[in-house]
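The values are calculated or read from the model by the stated rules, or taken from the named source; none is laboratory data. Every value quoted in this text rests on a predicted model; they were computed, and no experiment measured them. Every residue, glycine among them, receives a Cβ derived from its backbone with ideal geometry; neighbour counts consider all protein chains shown.
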Amino acid sequence: MNLVEKILAKASGKKEVAPGEIVDANIDRAMIHDLTGPLTIEMFKKIGVERVWDPEKIVMILDHQVPADTVKSAELHVTMRTFAREQGIRNFYEIGKGGICHQVMPEKGYVLPGEVIVGADSHTCTYGALGAFATGIGSTEMAAVFATGKLWFKVPQTLNFVAQGRLKQPTSAKDLILHIIGQVGVDGATYKAAKFSGPAITRMSIDGRLTMCNMAVEMGAKTGIIEPDAQTIRYVSARTKKFTPLKSDPDAEYEKTFELDVNELEPQVACPPSVDNVKPVSEIEGLEINQAFIGSCTNGRLEDLRAASRILKKNKVHPNVRLIVIPASQEIYQAALREGIIEILAKAGAYISNASCGPCLGGHLGVLAPFETCISTSNRNFIGRMGSPKASVYLASPATVAASAVAGKVTDPRTMWRS
Amino acid sequence: MIITGNAVKVGDHINTDLILPGKYLVFIEPEELAKHALEGLDPRFPEKARGGVVLIAGKNFGCGSSREQAPIALKHANVKCIVADSFARIFYRNAINIGLPVVECKEIADKVNEGDQLVVDLAEGVIKDLTLNQSWQIKPVPKFLLEILTAGGLVEYLKKRIKSK
């Protein structure tokens, strides 16, 4: 069995499972946030069960509409706080304490290799970076998990993406995952698991691996997954209790294997209106931008802020551009303060905000006017995603976004990558 | 379960931001969400759907976010059923969980015309176009999913199961 099959077999008490089989799995961890949580809570109450199955296994995070921008979102936050209190859910992250759910979950030790994690958010697949089976579900389904602690899954086929070679900085994990999505398309992995492996992944930091798995859903995948190695064990051990990682068997099977050579990969950009509309940066260099955004569950991590500060250290944000930088968590914000990154970014003219999802989903903080163009490190460039349906969103790495913010137009970060 | 309605056609890769833009996620009231159903694609859609429609879509319908508000908006805008070449997986599960029938059928999108009168029989696995006088076989919906749909969604289904225990 491969890693996904092994995790699902263990979670459903079976010796062996095969793709296509439907299993009833025990859930190890369940996460809701302020935009999907209130509906979960309403549905949970409708089911008519009084107590959640296990308050210790539930994590609640305020991150999307924070701090509250309207009375309506303030009310959603109250719904979340009240439910946490009533149900004795201690893993509740108030604003200023946690950050974006998909950073808080791994960072605070809620993601363990070999476990099954569900989140009421499509980017829950991020946690596969630590060798967990993690997938996004809807609010009603989450209410059922809160009531029963179980959920049915169809064991997926797995696609294996083997990345050979070495990424040359500033080309990064984001460029690699955009490249892969460009190759297979936005439904290239629908209903399937996407495994990332090979020397380029082994060499990749945990931050980079989280970026890779985060975007697995953008090709339709049920989860992204990476085999846990020594680096994974170190990261997780520093944050939590004992755990038992699982590994694929040597004779594990995959539906299809894709071999990629990343040595010559240049920075990539996903052009509107689809995440698979991916081009090398050289093809769209010079396109003028109005806004640049560095942050989100895809690229708001320390490594991302470091890359941005390396470019912005001796540069200023272009007069015609506003650069918004949002660290993915309070922990990252503090680390960036300690490393002097926040000061560099502020001096360069970046608008820096505390951890939240920010403009990524167009709800709050930095939405776009008609005919404006934004280059962003986030994960979706759909029509209307970041505000006006007449605005355009280009997706790229933190280095590409930082370089573009300096030049006022889409720019190859390799031209500004100095030590 | 037999569903009737006129066809409204949409294309491939209709994502959740087109079905329900992110700015409306602060709402959970179905009637409020319904006012904005498919707003990103056609702001007049709720008016079009008023009499009850069957949505005919291409590939990967519902891709993107896990927002359950997307199928809720469609259901309460009076979409009776969605027939697509394929669905994004979270949307597919969400739709069934809130009691909105979703059916995969690869042959139909090119043939049906906007406004055709359709009948979808989930248990039998047949879609009929009464205007064209043509019908297509579909994979019958698995029994336990049909039970959820017949109950009106996962909440109602669980309620019944808990009661019968």
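Go through (1) within 14 Å of chain B (Cβ to nearest Cβ); (2) hydroxyl-bearing (Ser, Thr, Tyr); (3) touching a helix residue (DSSP H, G or I) at 6+ places or on another chain (Cβ under 7 Å) and name the single condition A:Thr70 misses.
(3)
Collect the residues in the stretch B:65-101 that are surrounded by 24 or more Cβ atoms within 10 Å (Cβ to Cβ), closer than 16 Å to B:Ile3 by Cα, in contact with a Cys (Cβ under 8 Å, 6 or more places away or on another chain) and within 14 Å of chain A (Cβ to nearest Cβ), keeping them in residue-number order.
B:Ala84
For the stretch A:1-107, which fully contained strands (runs of 3 or more DSSP E) count at least 3 residues that are surrounded by fewer than 20 Cβ atoms within 10 Å (Cβ to Cβ) and not assigned by TED's automatic domain parsing to the domain that holds A:Cys357? Full working, then the answer.
Details: elements: A:22-26, A:29-33, A:58-61.
In the stretch A:1-107, the matching strands (runs of 3 or more DSSP E) lie at A:22-26.
If you check A:Lys14 against the conditions, is it under 26 Å from the mean Cα position of the chain (by Cα), modelled with pLDDT of 95 or more and closer than 30 Å to A:Thr158 by Cα? Even if it seems obvious, please write down each step before you answer.
On the way: under 26 Å from the mean Cα position of the chain (by Cα): no; modelled with pLDDT of 95 or more: yes; closer than 30 Å to A:Thr158 by Cα: yes.
Criteria not met by A:Lys14.
Filter the stretch B:44-58 for residues that are within 14 Å of chain A (Cβ to nearest Cβ) and either touching a helix residue (DSSP H, G or I) at 6+ places or on another chain (Cβ under 8 Å) or crowded, with 18+ Cβ neighbours inside 10 Å (or both); which is nearest to A:Asn379 (Cα to Cα)?
Result: B:Ala57.
Is it true that B:Ala151 is away from chain A (no Cβ under 14 Å), closer than 21 Å to B:Ile98 by Cα and among the small types (Gly, Ala, Ser)? Walk me through how you get there before you give the answer.
Values: away from chain A (no Cβ under 14 Å): no; closer than 21 Å to B:Ile98 by Cα: yes; among the small types (Gly, Ala, Ser): yes.
No; evaluated as a whole, the condition is false for this residue.
For residues that are surrounded by 20 or more Cβ atoms within 10 Å (Cβ to Cβ) and either more than 20 Å from A:His33 (Cβ to Cβ) or among the acidic types (Asp, Glu) (or both), tally how many sit in the stretch A:325-357.
Total meeting the criteria: 8.
Right, A:Val393: within 12 Å of chain B (Cβ to nearest Cβ) and either surrounded by fewer than 24 Cβ atoms within 10 Å (Cβ to Cβ) or of a type in the set (Val, Ile, Thr) (or both) or not? Can you show your working first?
On the way: within 12 Å of chain B (Cβ to nearest Cβ): yes; either surrounded by fewer than 24 Cβ atoms within 10 Å (Cβ to Cβ) or of a type in the set (Val, Ile, Thr) (or both): yes.
Against the criterion (within 12 Å of chain B (Cβ to nearest Cβ) and either surrounded by fewer than 24 Cβ atoms within 10 Å (Cβ to Cβ) or of a type in the set (Val, Ile, Thr) (or both)), A:Val393 qualifies.
Scan the stretch A:36-66 for residues that are within 14 Å of another protein chain (Cβ to nearest Cβ), in contact (Cβ under 8 Å) with a residue 60 or more places away in the chain and under 14 Å from A:Tyr93 (Cα atoms) and report the count.
So the answer is 5.
For a quick check of your reading: which strands (runs of 3 or more DSSP E) sit entirely within the stretch A:210-270 and have at least 1 residues that are buried (at least 22 other Cβ atoms within 10 Å of the Cβ), touching a residue at least 40 places away in the same chain (Cβ under 8 Å) and away from every other protein chain (no Cβ under 14 Å)? Walk me through how you get there before you give the answer.
Working: elements: A:223-225, A:256-261, A:268-270.
The qualifying strands (runs of 3 or more DSSP E) are A:223-225, A:268-270.
Provide a single number: the residues in the stretch B:16-38 that are in a loop (DSSP other than H, G, I, E, B) and more than 8 Å from chain A (Cβ to nearest Cβ). Reasoning before the result, please.
Step one: list which residues in the stretch B:16-38 are in a loop (DSSP other than H, G, I, E, B), which gives B:20-21, B:25-29, B:35-38.
If we keep only those that are more than 8 Å from chain A (Cβ to nearest Cβ) as well, we get B:20, B:29, B:35-38.
Matching residues across the stretch B:16-38 total 6.
Out of A:Thr135, A:Thr190, which single residue is in a strand (DSSP E or B), within 14 Å of chain B (Cβ to nearest Cβ) and not hydrophobic (A, V, I, L, M, F, W, C)? It would help to see each step written out before you state the result.
Working: A:Thr190 fails: in a strand (DSSP E or B).
Being in a strand (DSSP E or B), within 14 Å of chain B (Cβ to nearest Cβ) and not hydrophobic (A, V, I, L, M, F, W, C) holds for just one of A:Thr135, A:Thr190, which is A:Thr135.
From the list B:Leu118, B:Leu41, B:Leu132, B:Leu145, which one is within 14 Å of another protein chain (Cβ to nearest Cβ) and over 29 Å from A:Gly362 (Cβ atoms)? Break it down stepwise before answering.
Working: B:Leu118 fails: within 14 Å of another protein chain (Cβ to nearest Cβ); B:Leu41 fails: over 29 Å from A:Gly362 (Cβ atoms); B:Leu132 fails: within 14 Å of another protein chain (Cβ to nearest Cβ).
Testing whether each residue is within 14 Å of another protein chain (Cβ to nearest Cβ) and over 29 Å from A:Gly362 (Cβ atoms) leaves just B:Leu145.
Being in contact with a helix residue (DSSP H, G or I) (Cβ under 8 Å, 6 or more places away or on another chain) and among the acidic types (Asp, Glu) is the filter here; which residues of the stretch B:99-150 pass it?
Across the stretch B:99-150, the qualifying residue is only B:Glu147.
Taking helices (runs of 4 or more DSSP H) that do not extend beyond the stretch A:319-414, which have at least 3 residues that are closer than 21 Å to A:Asn214 by Cα? Reasoning before the result, please.
Working: elements: A:330-338, A:341-348, A:398-407.
Correct list: A:330-338, A:398-407.
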